[in-house]
Amino acid sequence: RLAADGALPGTFYLHQWKDGSTLISKDKGATFTATGGKLASYTHWSQLKGVPGRAGHLWFVHGRDHAANPDALSRSTDGGVTWTSLPFFDQAWAFGYGKAKDNSDYPTLFVYGRSATDAAWGVWRSTDEGDSWDRVAEYPLGIFDAVMVIAGDMEIFGRVYIGWSGNSFAYGQPTSSNKP
């Protein structure tokens, strides 16, 4: 998986599928060097993304179809040199950013995955850099299909878009009775 840095022009990160290593390029992708950081390996549907406006901040979901606690969701704040697993999920398939909550300058995080504590699948939202998670949708719309893409709206707090592998897309947002 390849991801652009969210704040450093010409900087890219690469996750090596086979061995889980993280590579960095600071010359627009002409050359890559190992950061020393390791993630899950053999992850067919993994996603790696840089955080908008945050140099060196990266998030990774393994996309495996089996429980892999604690490395389903991991983050780095030093350009992939070190990674921290967030043990809330034991499966995480898709990941995206959305508009930050009013009192925060860090984007809202959205994950489609399964909670490690109660095996509840759904779309989860964090407004505190992954310290806590709220399920904002159960297994989306009851469709028996894999969520492949999730993205929060960068202009409207709480709005999230979900794309399946073959059954269209949907979006949702908090209602006045369900304030963020």
Exercise for review: For segment 28-49, indicate whether the set of residues that are open to solvent by 70 Å² or more (accessible area, probe 1.4 Å), within 19 Å of Ala146 (Cβ to Cβ), in a loop (DSSP other than H, G, I, E, B) and not aromatic (Phe, Trp, Tyr) is non-empty.
Suggested key: yes
Practice item. Of all residues in segment 1-19, count the ones that are hydroxyl-bearing (Ser, Thr, Tyr) and open to solvent by 80 Å² or more (accessible area, probe 1.4 Å). Key: 0
Study note, to complete from the structure: Exception for Glu155 within (1) within 19 Å of Gln173 (Cβ to Cβ); (2) open to solvent by 20 Å² or more (accessible area, probe 1.4 Å); (3) touching a strand residue (DSSP E or B) at 6+ places or on another chain (Cβ under 7 Å) falls at (3)
Check your understanding: Just wondering, is there one or more residues in segment 22-41 that are within 20 Å of Gly98 (Cβ to Cβ) and aliphatic (A, V, I, L, M)?
Key -> no
Review point. Just one of the numbered conditions (1) modelled with pLDDT of 90 or more; (2) charged (D, E, K, R); (3) over 20 Å from Met154 (Cα atoms) is not true of Arg54; which one?
Key: (3)
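Which of the residues spanning segment 112-141 are part of a strand (DSSP E or B) and either among the basic types (Lys, Arg) or open to solvent by 30 Å² or more (accessible area, probe 1.4 Å) (or both)? Steps first, please.
Just the residues of segment 112-141 that are part of a strand (DSSP E or B), to begin with: 112-115, 121-126, 134-138.
Answer for segment 112-141, where residues must be part of a strand (DSSP E or B) and either among the basic types (Lys, Arg) or open to solvent by 30 Å² or more (accessible area, probe 1.4 Å) (or both): Arg114, Trp121, Arg125, Asp134, Arg135, Val136, Ala137, Glu138.
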Review point. Within segment 8-40, can you find the residues that are more than 17 Å from the chain's Cα centre (by Cα) and within 23 Å of Tyr106 (Cβ to Cβ)?
Key: Leu8, Pro9, Thr11, Ile24, Thr35, Gly37
Practice item. With the condition kept exactly as written, say whether any residue in segment 82-99 is farther than 21 Å from Ile150 by Cα, surrounded by fewer than 20 Cβ atoms within 10 Å (Cβ to Cβ), more than 15 Å from the chain's Cα centre (by Cα) and not small (Gly, Ala, Ser). Key: yes
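The values are calculated or read from the model by the stated rules, or taken from the named source; none is laboratory data. Computed from a predicted model, the values in this text were never measured in an experiment. Cβ sites come from the backbone with ideal geometry, for glycine too, and all protein chains shown count toward neighbours. Remember, those area values only see protein heavy atoms, side chains included, never the ligands or the DNA or RNA. Shrake-Rupley method; radii C 1.70, N 1.55, O 1.52, S 1.80 Å.
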